[in-house]
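The following block contains the structure, expressed as structure tokens.
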Amino acid sequence: MALQFAVEFLKSIAIIIALTLGTGFAVEIVVFALSDRDVSGAFGSGLAGIAGGVLGLVIAVVIVVRRIADVED
């Protein structure tokens, strides 16, 4: 039981970290590639990366909460 909890806990942490970083990084790369590559483009891509990371965090938390709800059933 403790081993299963530890494995599920680590999976949940991995989902949160991977989705947050992956989404933020992907959005930042796309926005920077589409910008004019000057200082404002770099600043805009950084802000877009943060916004994408926040969106990824929200999606990841929803996935983890759903997984927790499935385990309790």
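The values are calculated or read from the model by the stated rules, or taken from the named source; none is laboratory data. This structure is a prediction, so every number in the text was calculated from the model and none was measured. Cβ atoms come from the backbone with ideal geometry, glycine included; neighbour counts cover every protein chain shown. Accessible surface areas use protein heavy atoms only, side chains included; no ligands, DNA or RNA. Shrake-Rupley method; radii C 1.70, N 1.55, O 1.52, S 1.80 Å.
Please go through segment 30-41 and give me each residue that is loosely packed, with under 15 Cβ neighbours inside 10 Å and in a helix (DSSP H, G or I), ordered by number.
30, 33, 34, 39, 40
Let me ask you something else. State the number of residues belonging to segment 48-71 that are open to solvent by 30 Å² or more (accessible area, probe 1.4 Å) and under 11 Å from residue 24 (Cβ atoms).
The number of residues fulfilling the criteria is 5.
For segment 1-29, name all the residues that are closer than 10 Å to residue 49 by Cα and surrounded by fewer than 17 Cβ atoms within 10 Å (Cβ to Cβ).
21, 22, 25, 26, 29
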